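What follows is a single structure, written as structure tokens, with notes after it.
The values are calculated or read from the model by the stated rules, or taken from the named source; none is laboratory data. Predicted model, so just to flag it, every value in this text is computed and none were measured. For neighbour counting, all protein chains shown are included, and Cβ atoms are generated from backbone atoms with ideal geometry for every residue, glycine included. Just the protein is used for accessible areas: all its heavy atoms, side chains included, with ligands, DNA and RNA removed. Shrake-Rupley method; radii C 1.70, N 1.55, O 1.52, S 1.80 Å.
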Amino acid sequence: MIYRSWMKKQGIPSYEFESGKPIIGICNTWSEYTPCNSHFRDLAQFVKNGVFEAGGFPVEFPVMSLGETLIKPTAMLYRNLASMDVEESIRANPMDGVVLLCGCDKTTPSLVMGACSVNLPTLVVSGGPMLTGKFRGKNISTSDVWRFNDEYRSGNMTNDQLKMAENGLCRSDGHCAVMGTASTMASMVESLGLSLPGCAAIPAPDTARKVMAQQSGLRIVEMVKENLTMDKVLTREAFENAIKVNAAIGGSTNFVIHLLAIAGRIGVPLTLNDFDVHSRDIPLVANLQPSGSYFMEDMYYAGGLPAVMRELLPKLNRECITISGKTVKENVQNAECYNREIISTLDKPFNPTSGIVVLKGNLCEDGAVLKPSAATPALMKHKGKAVVFETIEDYKNRIDDKDLDVDETSVLVLKNVGPKGYPGMPEVGNMGLPPKVLNKGIHDMVRISDGRMSGTGFGTVVLHATPEAAAGGNFAVVKSGDVIELDVEKRILKLHVSDEELAKRKKEWKPLPPASDRGYVSMYIKTVEQADKGADLDFLKGGSGGEVTRDSH
Ligand code: FES
């Protein structure tokens, strides 16, 4: 009675409780603070329609929603917190299966991580990309924010033009329209086998997105009957597929951190090295910004992710089972490409180099990553003097200084923006160049940090240097004037300073005071793992299943 009576006030008739229907939770990240997910109440209704149609009973519930642009200091600080909300909401409430509505960057990994720790039959519906932006007759995207910012700072763009660009950037519902982190995450879940084929690229306002949501509602009810739990889909082979697909589409570097964290939750052993090994022979197949020229909307018209995966089939683990109930091969073997300008073949790729390169050396003893398809080829082998910024505030205070001792051969180094140093590891790794370099018409330099970069960012940017400065490795003691060598081909990131000198500097090194001594942030700083492990909280690894063993009622 206590279960039924309160539910009935929502207008649910008695027979619904006697039918034995599978209960499908619809985990919704709708929020007006997350504009990329603003259409999710509508989308949820279509999922519900499908659940009803298949004979299930849908129950929608909200979880913490992480809007990339507004949340301070960075949405990534709360990815793990949101994942706890998702995990406990799924476990604590009665549900047999769950549909995750994911869109803006961190809403995808946080929901998938939380759901993995419960391991019910789970299906992801992504919200879809927004329509391509427009500015003075040209196609633009949120990736151009960085370019416009540089143009404005160097005086080549007026304030009015900046406003006009701002008005044309985000024209519809949906997440960022390039292969930024949100599109990367939507592609990640599809390539892992957690979404129905074709889900990732459908633009948010397209009617096909609603149909996809309805079909997903239908399918989750079948999944419950088949007991197709997440661990059956998320095998080691599925993770390898996701790494390969990410390389072929030029996905965001944030993919590394999120996939490692998801693997940690579902219990699949995955290391940083796997990203280099499995993406090494995968060329760039999708011609999408920021690595290429086009947008997610174009990718959908060209055949979407299934057309990319069909090209990759010879290199994929084809027999992995997916939430469709079919294998990867069965899902994509008949997918067609309608535009080779946007989705190329393996033989004639847009760029033979892609994927995520994992660098090693005395500047990053546990690794660092670089996305070669977004970098300048001439800078992939480079030696230069470091210009070191101790914190992001130090960078902001000095980067526009005309007396800063820097030129285009310098290597910009930004410390203390790692998981612990700037809790949440903000996306500041692709720091803007100094005006004295920009004014020469130069738009890229080697930049190194222990932070992350937006998936919409680009440049010769080394990220996730581990151990981070706040953890006291060699990265903590690099100084301006030190010579740094980057050799992407050889996977080397070397600080040309003797071991003796580094040991001496480390003895004198003192960590910065922690950013907070209370609440969630304090717990985060104490328990967050390094970037090479996925930056999850150490006690959240693994899962507790779906059972609640003690019940007070
Ligand atoms: Fe939400 Fe880019 S800000 S996806």
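Measuring max minus min along each principal axis, the C-alpha atoms of the stretch 55-156 give extents of 58, 32, 17 Å (largest first).
Tally Lys/Arg at +1 and Asp/Glu at -1 over every other residue whose Cβ is under 15 Å from the Cβ of Val521; what's the total? List each step's numbers first, then the result.
Values: positive: Lys72, Arg79, Lys420, Arg518, Lys526; negative: Asp517.
Neighbour charge sum, excluding Val521 itself: +4.
Taking Cα pairs under 8 Å and at least six residues apart, what relative contact order does the stretch 198-298 come out at, in percent? Mind showing how you got there, number by number?
On the way: 64 pairs, mean separation 30.9, N = 101.
That works out to 31 percent.
With a 1.4 Å probe and all protein chains left in place, how much of the accessible area of the stretch 269-358 comes from carbon and sulfur atoms, in whole percent?
Numbers: 1710 of 3900 Å².
Of all accessible area on the stretch 269-358, carbon and sulfur atoms account for 44 percent.
Rounded to the nearest 20 debye, the dipole size of the chain about its Cα centre is 140 debye, using +1 on the Cβ of Lys and Arg and -1 on the Cβ of Asp and Glu. Dipole orientation for the stretch 477-553: of the candidates Ser522, Val488, Ser552, Ser522 has the Cα lying most toward the positive pole (charges on Cβ; Lys, Arg +1; Asp, Glu -1).
Measuring max minus min along each principal axis, the C-alpha atoms of the stretch 429-474 give extents of 37, 22, 12 Å (largest first).
Between the listed residues Val124, Ile23, Ile262, the Cα displaced farthest toward the positive end of the dipole of the chain, a dipole computed from Cβ unit charges relative to the Cα centre, is found at Ile23. Express in whole angstrom the spacing between the alpha-carbon centres of the stretch 127-182 and the stretch 492-553. Distance between centres, Cα-based: 35 Å.
Ordering Pro352, Leu288, Gly325 by the projection of their Cα atoms onto the charge dipole of the stretch 229-356, which places +1 on the Cβ of Lys and Arg and -1 on the Cβ of Asp and Glu, puts Gly325 at the extreme positive end. Counting only cysteine Cβ atoms and a cutoff under 4.7 Å, the chain contains unmatched residues Cys27, Cys102, Cys116, Cys170, Cys176, Cys199, Cys320, Cys337, Cys364. Rolling a 1.4 Å probe over the protein heavy atoms leaves Asp400 with an accessible area of roughly 90 Å².
Given only helices, namely DSSP H runs of n ≥ 4 each adding -39500 (n - 2.57), what is the per-residue ellipticity at 222 nm of the chain, to the nearest 500 deg cm²/dmol? Before the final figure, lay out the partial values.
Numbers: 20 runs with 192 residues, N = 553.
It comes out at -10000 deg cm²/dmol, rounded to the nearest 500.
Taking a Cβ cut-off of under 9 Å around Pro306, the surrounding Lys, Arg, Asp and Glu residues balance to a net charge of -1, with basic ones at +1 and acidic ones at -1.
Is there a quick way to get the dipole size of the stretch 271-366? I mean about its Cα centre, with the Cβ of Lys and Arg at +1 and of Asp and Glu at -1; what is the value in debye to the nearest 20?
Working: 9 positive and 13 negative charges, 51 e Å.
Its charge dipole is roughly 240 debye.
What the chain shows is 40 Å² of accessible area per residue, with the surface traced by a 1.4 Å probe over protein heavy atoms. Note: relative contact order over the stretch 121-254, using C-alpha pairs below 8 Å and six or more positions apart, is 34 percent.
Straight-line reach from Lys381: taking Cα to Cα under 12 Å and skipping same-chain neighbours fewer than 8 places apart, the aspartates and glutamates in range are Glu485, Asp487, Glu489. The charge dipole of the stretch 184-327, taken about the Cα centre with unit charges on the Cβ atoms of Lys, Arg (+1) and Asp, Glu (-1), comes to about 260 debye, rounded to the nearest 20.
Any idea what the relative contact order of the chain is, in percent, if you count C-alpha pairs under 8 Å spaced at least 6 apart? It would help to have the intermediate numbers written out before the result.
Numbers: 1304 pairs, mean separation 79.0, N = 553.
Relative contact order here is 14 percent.
What is the ratio of the Cα radius of gyration of the chain to 2.2 N^0.38 Å, where N is its residue count, to two decimals? The value comes to 0.96.
What's the local net charge at Cys36, with K and R +1, D and E -1, over the other residues with C-beta under 9 Å away? Intermediate results must be reported in sequence, preceding the final value.
Values: positive: none; negative: Glu68, Asp105, Asp173.
Once positives and negatives cancel, what remains is -3.
Counting only Cα atoms, the stretch 346-419 measures 49, 28, 20 Å along its principal axes, largest extent leading.
What part of the accessible area of the stretch 427-492, given as a whole %, is carbon or sulfur when the probe is 1.4 angstrom? If you can, show how the numbers build up before the last one.
Numbers: 890 of 1720 Å².
Accessible surface attributable to carbon and sulfur in the stretch 427-492 totals 52 percent.
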